[in-house]
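Asks: Once you've had a glance at the structure underneath, I'll fire off some questions.
The values are calculated or read from the model by the stated rules, or taken from the named source; none is laboratory data. Since we're looking at a predicted model, the values are computed, not measured. Each accessible area value is taken on the protein alone, full model and side chains, heavy atoms only, with ligands, DNA and RNA left out. Shrake-Rupley method; radii C 1.70, N 1.55, O 1.52, S 1.80 Å.
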Amino acid sequence: MLVPEVQCYSRAAMRCQMCHSVDTKVIDSRSAEEGRAIRRRRECLACNHRFTTFERASYQPLVRKRDGRLEPFSADKVRHGIEQALADRPVAAGTVEALVLEAESLFSPGTTVVSAGQIGDAVLAGLRAVDEVAYLRFVSVYREFSGAIDFEREMAALEERQ
Ligand SMILES: [Zn+2]
């Protein structure tokens, strides 16, 4: 069923701060805060008062990469890495999702920025407990996540145990 456009408009209207009219229009719109917000300049059609609004995601988990840049956290990206590491490995169903959840749990409304290294370490710790081969695969593919891990030493240690 079609909802009359005017109804949508009035429901989502941004009232003028001066005269409380709902007839305002956006006169300028640009991204702000490194693309994490949209700044809109509005003008009231009734009294011409101009004001600014910001639109932000209420909660956006971000990953700080090693070069310092921020990017949105992608559970799919983490899942893909874990799936690659666990390919053909005999692990219980649900292992991948459990590890993705572990990485996601680093975030909370109070902690919206987590370093790629922290995510890598969380996945590595989880993989190590589940499957050593997958753990080493992940280390070799995602070495940049954690510079602290000495891949050669880990490999040698695994070979010693076999
Ligand atoms: Zn107004």
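Asks: Given a 1.4 angstrom probe, I'd like the percentage of the accessible area of the range 72-138 that is carbon and sulfur, rounded to a whole number.
Replies: Values: 1830 of 3330 Å².
That share works out to 55 percent.
Asks: Could you pull the Cα extents of the range 68-131 along its three principal axes, largest to smallest, in whole Å?
Replies: 35, 19, 17
Asks: Hey, can you find the accessible area per residue of the range 22-104 for me, probe 1.4 Å, expressed in square angstrom? Spell out each step's value before the answer.
Replies: Numbers: 5350 Å² over 83 residues.
Per residue, the range 22-104 has an accessible area of 64 Å².
Asks: So who's got an amide H within less than 5 Å of the one on Ser115, skipping anything under 5 residues away but keeping other chains? H placed 1.01 Å off N, in plane.
Replies: Close amide H contacts, sequence-distant or interchain: Arg64.
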